[in-house]
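Reading through the structure tokens given below for one structure.
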Amino acid sequence: MTFLDEHAVLAYLQKRVARWHLKQRLGIEQVNEARVFGQGRNFFHIENWTSVHGLMRHTLRLFLLHGRGRRNARRIQVKHHTFRLDHLPVEFDGFTLLHLTDLHLDMAADMPATIAEAISGLEYDICVITGDLRARTYGDYRPALQGMQTLRSAINKPVYAVLGNHDTIRMVPDLEQMDMRLLLNEAIPLSRADRQIYLAGIDDPHYYRADNLERTSEQVPDNMVSILLSHSPEIYHHAAYTDFDIMLSGHTHGGQICLPGGTALSYNARCSRAVCKGPWQYERLQGYTSAGAGSCLVDVRFNCPPEVTLHRLVRSAE
């Protein structure tokens, strides 16, 4: 696949993305995408502080932990989770979503194939990706697109995705040419027989603050089952009060480097720890925050296995 040049990318985006959304995203990317302090929900962004990444690697090597951490980062687990909904149309009983997140596909040359192998043979109806395809937050994004090409060939069902805080909106045209649908503050119906549920997605709410829940939720008819894709779980309060049933997120990596027992040193998210890993519920909103399949900052994991997740929708008794 030949990737689009800058002129073609911008021409595509001007037709594809709402005008003010595009201006906001491109403007923040141009001025602030590599900032260590300020911008977004957090004041400090360690993922943008590239000089510390090398220090972390050297420290791990000094203590003979780097190799073990890299091996851990490639032992991807398949998690299974069930959402029970009393108003789920019977036609969607058993509908399964493969949830991928925080792939950071250009972090290491072998990661796209490693993730592809992890999902090989899994059965699902659609695949959803909740952002962060790129390792860095700025610079050349084509290596991440190349990694996505490798992974996309292993996904045999429709793919829907949202952007993360590591992703530039300039990736959208090439991703959609790979037969992926990016949800940019949008909601679309999924149909089975003559019944529908809605899948919605917002732009990154963590760093770019380009999410628009109001615009997105208005596209979902009343009383319809709705699933929201959000890179970060940080907007869970607002998602609950805009009547979404399910929210799928990533961003936190489950902590990535955790203490024995899985206690995270940091989730890099400004919200309750209760929503930063695994299944959770707030009011009537059911959620799941995946630990993700890739790694960030350094290519290691400790006491926090990477994951891909199969979410099964089940109609519960009324």
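Evaluated against (1) closer than 28 Å to residue 87 by Cβ; (2) in contact with a helix residue (DSSP H, G or I) (Cβ under 6 Å, 6 or more places away or on another chain), residue 178 falls short on exactly one condition, (1).
Yes/no per residue for (1) in contact with a Phe, Trp or Tyr (Cβ under 9 Å, 6 or more places away or on another chain); (2) farther than 15 Å from residue 101 by Cα; (3) free of Cβ contacts under 8 Å to residues at least 60 places away in the same chain:
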{"position": "146", "(1), (2), (3)": "yes, yes, yes"}
{"position": "150", "(1), (2), (3)": "no, yes, yes"}
{"position": "158", "(1), (2), (3)": "no, yes, yes"}
{"position": "161", "(1), (2), (3)": "no, no, no"}
{"position": "165", "(1), (2), (3)": "yes, no, no"}
{"position": "169", "(1), (2), (3)": "yes, yes, no"}
{"position": "174", "(1), (2), (3)": "yes, yes, no"}
{"position": "179", "(1), (2), (3)": "no, yes, yes"}
{"position": "182", "(1), (2), (3)": "yes, no, yes"}
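Listed by first and then second residue, the pairs with beta-carbon distance under 6 Å, at least 6 apart or on different chains, first residue in the range 214-242 and closer than 20 Å to residue 99 by Cβ and in contact (Cβ under 8 Å) with a residue 24 or more places away in the chain, second among the polar types (S, T, N, Q) and in a loop (DSSP other than H, G, I, E, B), are 216/185.
Across the range 142-161, what is the number of residues that are part of a loop (DSSP other than H, G, I, E, B) and in contact with a Leu (Cβ under 8 Å, 6 or more places away or on another chain)? Can you show your working first?
Filtering the range 142-161 down to residues part of a loop (DSSP other than H, G, I, E, B) leaves 153-158.
Retained after the next criterion (residues that are in contact with a Leu (Cβ under 8 Å, 6 or more places away or on another chain)): 155, 157.
So the count comes out to 2.
Can residue 97 be described as in contact with a strand residue (DSSP E or B) (Cβ under 6 Å, 6 or more places away or on another chain), crowded, with 16+ Cβ neighbours inside 10 Å and assigned to a loop (DSSP other than H, G, I, E, B)? Explain how you work it out, then say what you get.
Values: in contact with a strand residue (DSSP E or B) (Cβ under 6 Å, 6 or more places away or on another chain): yes; crowded, with 16+ Cβ neighbours inside 10 Å: yes; assigned to a loop (DSSP other than H, G, I, E, B): no.
Spelling it out, it is not the case that residue 97 is in contact with a strand residue (DSSP E or B) (Cβ under 6 Å, 6 or more places away or on another chain), crowded, with 16+ Cβ neighbours inside 10 Å and assigned to a loop (DSSP other than H, G, I, E, B).
When the range 168-215 is filtered for residues that are within 18 Å of residue 145 (Cα to Cα), of a type in the set (D, E, K, R) and assigned to a strand (DSSP E or B), only 181 remains. Each residue in the range 157-200 was checked for being at pLDDT below 95 and of a type in the set (S, T, N, Q), and 1 pass.
Residue-by-condition table, conditions (1) within 22 Å of residue 224 (Cβ to Cβ); (2) within 17 Å of the chain's Cα centre (by Cα); (3) crowded, with 22+ Cβ neighbours inside 10 Å:
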{"residue": "247", "(1), (2), (3)": "yes, yes, yes"}
{"residue": "275", "(1), (2), (3)": "no, yes, yes"}
{"residue": "304", "(1), (2), (3)": "no, no, yes"}
{"residue": "315", "(1), (2), (3)": "yes, no, no"}
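So that you can scan it fast, the table gives a plain yes or no per residue for (1) in contact with a helix residue (DSSP H, G or I) (Cβ under 7 Å, 6 or more places away or on another chain); (2) surrounded by fewer than 16 Cβ atoms within 10 Å (Cβ to Cβ); (3) not hydrophobic (A, V, I, L, M, F, W, C):
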position	(1), (2), (3)
158	no, yes, yes
167	no, no, yes
187	yes, no, no
194	no, yes, yes
204	no, no, yes
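Taken over the range 65-94, the criterion of being part of a helix (DSSP H, G or I) and surrounded by fewer than 15 Cβ atoms within 10 Å (Cβ to Cβ) is satisfied by 67, 68, 71, 90.
Tell me, which residue of the range 5-56 that is assigned to a loop (DSSP other than H, G, I, E, B) and basic (Lys, Arg) is modelled with the highest pLDDT?
Here is the first cut: in the range 5-56, the residues assigned to a loop (DSSP other than H, G, I, E, B) are 5, 17-18, 33-36, 38-43, 45, 49.
Subsequent filtering for residues that are basic (Lys, Arg) retains 35, 41.
Details: 35: 51, 41: 63.
Looking at residues that are assigned to a loop (DSSP other than H, G, I, E, B) and basic (Lys, Arg), I get 41.
The values are calculated or read from the model by the stated rules, or taken from the named source; none is laboratory data. All of these numbers come straight from a predicted model, not from anything done at the bench. Note that we place each Cβ from the backbone using ideal geometry, even for glycine, and neighbour counts take in every protein chain shown.
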